[in-house]
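Enquirer: Got a structure for you, questions after.
The values are calculated or read from the model by the stated rules, or taken from the named source; none is laboratory data. From a predicted model like this one, the values you see are computed outputs, not experimental measurements. Here Cβ is always computed from backbone atoms with ideal geometry, including for glycine, and neighbour counts include all displayed protein chains.
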Amino acid sequence: MDIADPLQSLLADLQGLHFSDYESRAYLALLKIQPATAYEVAKEAALPKANAYSVLESLGRKEAVQPVSESPVRYTATPPEVLLAAIVETTERRAARIKEGIGKLGTVPQHEYVWSMTGEHAINARISQMIDASVTHLWIKGSEDHLERHLDRLEAAARRGVDVLIVLFGTKVEHFSCGGRITVMLHEGNGIPVAMARWLVSLTRDFEEALVAEFGSQPHGSYTRNRPLVNIFDSLIRHEIYFCEIFAIFGDEIQERFGPALFELRQKYLPQPQVETLRDLIEATDKL
């Protein structure tokens, strides 16, 4: 990895908080060499010397830096934890005012669209929001690899009384059960990822929201509060739960009739490349 990547990432994040490129560079430079003069900051941050004072004055107005001496003037940077805490507090207050202000506008039409998400960060952020907002239930179908990062949030939801149920592709039942607070069922009794299952996550919350996402080379997904669509997703996961219950009792008989992972049944309806992938996976599993 390019050693400049972490710096570029920090600069991009600061710019996302409404710092200009010059301001971002000056703040990070000052953290390294403080206290420092405008000339020293410009040199460290590779800024035009003519811009150094105006950039530091702008940072001062944002309470990100402050002068600590005269003749020459030297500056220090506000500690990151203090600066970021102030930004969080200001943003939360602003968001609360906006929410209150919109409420005073009267009834705003709510169009229940299907929203697209692109990239792992956007998908995982939406999953986290749904988990944190849950009140009564969370139904999830997904692979252990993609659910692992949300385990702490899921456990917190279960502790506050949310009925969390996971239909799992994988084997880590005890790991995701979190001491029995979360119900975990292996998909079709064995957790074998069928077709594209190892890249998919489906989630419904409180009969109000639904999400389906595909992780892979180009992660993307969809999210909706559209009631008919949420009902469809709830129904799909509910039927997966039914299958888990049925397999718990009749699993041996079902596999004897249709083969492991219902292969004899699935090969009739899956695309041929997915049939071949499933066959290879079953053969590899049998050899373990």
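Enquirer: Being modelled with pLDDT under 90 and under 24 Å from the mean Cα position of the chain (by Cα) is true for just one of Glu144, Glu112. Which residue is that? If you could, list the steps in order and put the result at the bottom.
Expert: Working: Glu144 fails: modelled with pLDDT under 90.
Selected residue: Glu112, the only one of Glu144, Glu112 that is modelled with pLDDT under 90 and under 24 Å from the mean Cα position of the chain (by Cα).
Enquirer: I would also like to ask the following. Take Ala213 and decide whether it is at pLDDT below 85, within 22 Å of the chain's Cα centre (by Cα), under 19 Å from Arg238 (Cα atoms) and in the same structural domain as Gly119 (by TED's automatic domain parsing). It would help to see each step written out before you state the result.
Expert: On the way: at pLDDT below 85: no; within 22 Å of the chain's Cα centre (by Cα): yes; under 19 Å from Arg238 (Cα atoms): yes; in the same structural domain as Gly119 (by TED's automatic domain parsing): yes.
Considered against the rule, which asks whether it is at pLDDT below 85, within 22 Å of the chain's Cα centre (by Cα), under 19 Å from Arg238 (Cα atoms) and in the same structural domain as Gly119 (by TED's automatic domain parsing), Ala213 comes out as no.
Enquirer: Determine if segment 79-102 includes at least one residue that is over 30 Å from Leu203 (Cβ atoms), surrounded by 13 or more Cβ atoms within 10 Å (Cβ to Cβ) and either in contact with a His (Cβ under 7 Å, 6 or more places away or on another chain) or among the aromatic types (Phe, Trp, Tyr) (or both).
Expert: Checked against the condition, which is being over 30 Å from Leu203 (Cβ atoms), surrounded by 13 or more Cβ atoms within 10 Å (Cβ to Cβ) and either in contact with a His (Cβ under 7 Å, 6 or more places away or on another chain) or among the aromatic types (Phe, Trp, Tyr) (or both), segment 79-102 yields no hits at all.
Enquirer: Given the criterion surrounded by 15 or more Cβ atoms within 10 Å (Cβ to Cβ), of a type in the set (D, E, K, R) and either under 28 Å from Gly259 (Cβ atoms) or at pLDDT 95 or above (or both), identify the matching residue among Glu188, Glu208.
Expert: On the way: Glu208 fails: either under 28 Å from Gly259 (Cβ atoms) or at pLDDT 95 or above (or both).
One residue alone meets the criteria, Glu188.
Enquirer: May I ask you to list the residues in segment 256-274 that are without any contact (Cβ under 8 Å) to a residue 12 or more places away in the chain and either assigned to a helix (DSSP H, G or I) or basic (Lys, Arg) (or both)?
Expert: Passing the criteria: Glu256, Arg257, Phe258, Glu264, Leu265, Lys268, Gln272, Pro273.
Enquirer: Separate question: Looking at segment 234-275, which of its residues are among the polar types (S, T, N, Q) and not assigned by TED's automatic domain parsing to the domain that holds Leu203? Write out each step before concluding.
Expert: Residues of segment 234-275 that are among the polar types (S, T, N, Q), as a first pass: 235, 255, 267, 272, 274.
Residues satisfying the conditions are Gln255, Gln267, Gln272, Gln274.
Enquirer: Name the single residue that is farthest from Glu120 (Cα to Cα) among those in segment 144-161 being of a type in the set (A, V, I, L, M, F, W, C) and surrounded by fewer than 20 Cβ atoms within 10 Å (Cβ to Cβ).
Expert: Residues of segment 144-161 that are of a type in the set (A, V, I, L, M, F, W, C), as a first pass: 147, 151, 154, 156-158.
Filter again for surrounded by fewer than 20 Cβ atoms within 10 Å (Cβ to Cβ), leaving 151, 156.
Values: Leu151: 16, Ala156: 22 Å.
Out of the qualifying residues, it is Ala156.
Enquirer: Separate question: Are any residues in segment 29-43 surrounded by fewer than 18 Cβ atoms within 10 Å (Cβ to Cβ) and either touching a residue at least 24 places away in the same chain (Cβ under 8 Å) or not basic (Lys, Arg) (or both), and if so, which ones?
Expert: Taking segment 29-43 and keeping what is surrounded by fewer than 18 Cβ atoms within 10 Å (Cβ to Cβ), we get 31-35, 37, 39, 43.
If the condition is that a residue be surrounded by fewer than 18 Cβ atoms within 10 Å (Cβ to Cβ) and either touching a residue at least 24 places away in the same chain (Cβ under 8 Å) or not basic (Lys, Arg) (or both), then Leu31, Ile33, Gln34, Pro35, Thr37, Tyr39 are the ones that fit.
Enquirer: Do any strands (runs of 3 or more DSSP E) lying entirely in segment 136-241 carry at least 1 residues that are more than 26 Å from Arg266 (Cβ to Cβ) and in contact (Cβ under 8 Å) with a residue 40 or more places away in the chain, and which ones are they?
Expert: Values: elements: 137-143, 163-169, 183-186, 200-205, 209-214, 220-224.
Per the criteria, 137-143, 200-205, 209-214, 220-224.
Enquirer: Follow-up. For segment 216-242, give me each residue that is within 14 Å of Leu165 (Cα to Cα) and among the basic types (Lys, Arg).
Expert: Across segment 216-242, the qualifying residue is only Arg238.
Enquirer: What do you reckon, is Thr136 surrounded by fewer than 21 Cβ atoms within 10 Å (Cβ to Cβ), under 15 Å from Pro193 (Cβ atoms) and among the β-branched types (Val, Ile, Thr)? Outline the logic, then answer.
Expert: Values: surrounded by fewer than 21 Cβ atoms within 10 Å (Cβ to Cβ): yes; under 15 Å from Pro193 (Cβ atoms): no; among the β-branched types (Val, Ile, Thr): yes.
For Thr136, the condition - surrounded by fewer than 21 Cβ atoms within 10 Å (Cβ to Cβ), under 15 Å from Pro193 (Cβ atoms) and among the β-branched types (Val, Ile, Thr) - is not met.
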